[in-house]
Amino acid sequence: MLNAVLFDAREDGIAVITLNRPETRNCLSVDVRQGLASAWERFERDPALRVAILTGAGDRAFCAGGDLKEMVASGLQVPPRDMFPLPYDTVELSKPTIAAVNGDAFAGGWMIAQACDLCVASTSARFAVTEVRVGRSSPWAAPLIHMIPQRIMMELLLTGKPISAARAYEIGLVNRLVAPEDVLGTALELAAEILEGAPLSVRAARDTVMLATEMGRSAALTAARHASESAYRSDDAQEGPRAFAAKRRPEWTGR
């Protein structure tokens, strides 16, 4: 169980979290779920880590979804609310996350990729919400309505058929589409771009996007202004203009 999920805390402030059960297509078995919950907690608690990348071991699957054999053995009906460690849902996170989808992301695999803020995908990856094909359901897919058009979402959920990574990119589910060997490298480059921003400003930017998806226009504007105050009042808000004027890189302190 100790190596079901690998955690690499890099010196550049990026955490790489790897689902490490390629022999079972990185399905969300109990050991993977427990390892993932611990990994997210470690990432959130470490102030030196500012962006996390979630990926899967091997080249066949990012994550094939829940462990169906485990579900049959336990007679699982309605999954407990906290069964799956989802960023910003059952797991409290305040920092950006990137899904580096190296292979198939089916059912629960789509779920955890969707939960991340950004997504880099291999050209060989496939995405599917397959629950209708095994008599289950996908309430976790509800936020998709803020990501893709309604009729596309309807088709995906009603048919359960996979779509290619190219199609996922086309409908706006994927941010970067790259060759299989470039998935992690591209995710690291995207994370590095985020790290160039002031920490409090990055947090306020993420909060603004999420508030805008959850509220009406006026309420979102008010809430976003409030969420941005800590960035405006920070030392970094003075350092940024100083660095720009001096034509040097800013030295962010996150304060």
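Tell me the residue from Leu184, Leu177, Leu173, Leu190 that is crowded, with 16+ Cβ neighbours inside 10 Å, within 16 Å of Pro96 (Cβ to Cβ) and either under 17 Å from the mean Cα position of the chain (by Cα) or assigned by the TED database to the domain that holds Arg50 (or both), please.
Exactly one residue qualifies, and that residue is Leu190.
Out of Asp207, Asp235, report the one residue that is buried (at least 17 other Cβ atoms within 10 Å of the Cβ) and either among the aromatic types (Phe, Trp, Tyr) or outside the structural domain of Asp117 (by the TED database) (or both).
Numbers: Asp235 fails: buried (at least 17 other Cβ atoms within 10 Å of the Cβ).
Every option except Asp207 fails the conditions.
Restricting the search to the stretch 125-154, which residues are under 24 Å from Arg25 (Cβ atoms), at pLDDT 90 or above and charged (D, E, K, R)?
Arg126
Looking only at the stretch 1-20, filter to residues that are modelled with pLDDT of 95 or more and polar (S, T, N, Q); which one of those is surrounded by the fewest Cβ atoms within 10 Å (Cβ to Cβ)?
Going through the qualifying residues, I end up with Asn20.
Answer yes or no: is there a residue in the stretch 56-77 that is under 23 Å from Pro199 (Cβ atoms), of a type outside the set (Lys, Arg), open to solvent by 40 Å² or more (accessible area, probe 1.4 Å) and modelled with pLDDT of 90 or more.
Pass one, the stretch 56-77, residues under 23 Å from Pro199 (Cβ atoms): none.
No, there is no match, as no residue in the stretch 56-77 is under 23 Å from Pro199 (Cβ atoms), of a type outside the set (Lys, Arg), open to solvent by 40 Å² or more (accessible area, probe 1.4 Å) and modelled with pLDDT of 90 or more.
Just one of Ser218, Ser230 is open to solvent by 70 Å² or more (accessible area, probe 1.4 Å), outside the structural domain of Glu131 (by the TED database) and either among the aliphatic types (A, V, I, L, M) or in a helix (DSSP H, G or I) (or both); which is it? Give the steps one after another, and end with the answer.
Working: Ser230 fails: open to solvent by 70 Å² or more (accessible area, probe 1.4 Å).
Residue meeting the stated conditions: Ser218.
Search the stretch 153-166 for residues being assigned to a helix (DSSP H, G or I) and touching a helix residue (DSSP H, G or I) at 6+ places or on another chain (Cβ under 9 Å), and hand back the single one that is most open to solvent (accessible area, probe 1.4 Å).
Kept after step one, since they are assigned to a helix (DSSP H, G or I), are these residues of the stretch 153-166: 153-159, 165-166.
Those left that are additionally touching a helix residue (DSSP H, G or I) at 6+ places or on another chain (Cβ under 9 Å): 153, 156-159.
Numbers: Met153: 26, Leu156: 10, Leu157: 39, Leu158: 121, Thr159: 52 Å².
Across the stretch 153-166, the extreme among qualifying residues is Leu158.
Could you tell me which residue of the stretch 80-135 is surrounded by the most Cβ atoms within 10 Å (Cβ to Cβ), considering only residues that are among the β-branched types (Val, Ile, Thr) and free of Cβ contacts under 8 Å to residues at least 40 places away in the same chain? Break it down stepwise before answering.
Filtering the stretch 80-135 for residues among the β-branched types (Val, Ile, Thr) gives 90-91, 97-98, 101, 112, 120, 123, 129-130, 132, 134.
Next, only the ones that are free of Cβ contacts under 8 Å to residues at least 40 places away in the same chain stay: 90, 129, 132.
Values: Thr90: 16, Val129: 29, Val132: 15.
Per the criteria, the residue is Val129.
Return only the number of the condition from (1) open to solvent by 60 Å² or more (accessible area, probe 1.4 Å); (2) farther than 29 Å from Asp12 by Cβ; (3) among the hydrophobic types (A, V, I, L, M, F, W, C) that Ala141 does not satisfy.
Of the numbered conditions (1) open to solvent by 60 Å² or more (accessible area, probe 1.4 Å); (2) farther than 29 Å from Asp12 by Cβ; (3) among the hydrophobic types (A, V, I, L, M, F, W, C), the odd one out for Ala141 is (1).
Of Leu195, Leu200, which residue is modelled with pLDDT of 90 or more and touching a strand residue (DSSP E or B) at 6+ places or on another chain (Cβ under 7 Å)? Give the derivation first.
Working: Leu200 fails: touching a strand residue (DSSP E or B) at 6+ places or on another chain (Cβ under 7 Å).
Result: Leu195 is the single residue among Leu195, Leu200 that is modelled with pLDDT of 90 or more and touching a strand residue (DSSP E or B) at 6+ places or on another chain (Cβ under 7 Å).
Only one residue in Glu23, Glu44 is in a helix (DSSP H, G or I), more than 13 Å from Ile112 (Cβ to Cβ) and at pLDDT below 95. Which one?
Details: Glu44 fails: at pLDDT below 95.
Exactly one of Glu23, Glu44 is in a helix (DSSP H, G or I), more than 13 Å from Ile112 (Cβ to Cβ) and at pLDDT below 95, namely Glu23.
Would you check if Glu44 is closer than 26 Å to Ala227 by Cα and open to solvent by 30 Å² or more (accessible area, probe 1.4 Å)? Break it down into steps so the answer makes sense when it comes.
Details: closer than 26 Å to Ala227 by Cα: yes; open to solvent by 30 Å² or more (accessible area, probe 1.4 Å): yes.
Here the answer is yes, as Glu44 does meet what is asked.
The values are calculated or read from the model by the stated rules, or taken from the named source; none is laboratory data. All figures in this text were calculated on a predicted structure; none of them were measured in a lab. Heads up, the Cβs are rebuilt from the backbone with ideal geometry, glycines too, and the neighbour counts pull from every protein chain shown. Side chains are part of the model used for accessible areas, which takes the heavy atoms of the whole protein and leaves out ligands, DNA and RNA. Shrake-Rupley method; radii C 1.70, N 1.55, O 1.52, S 1.80 Å.
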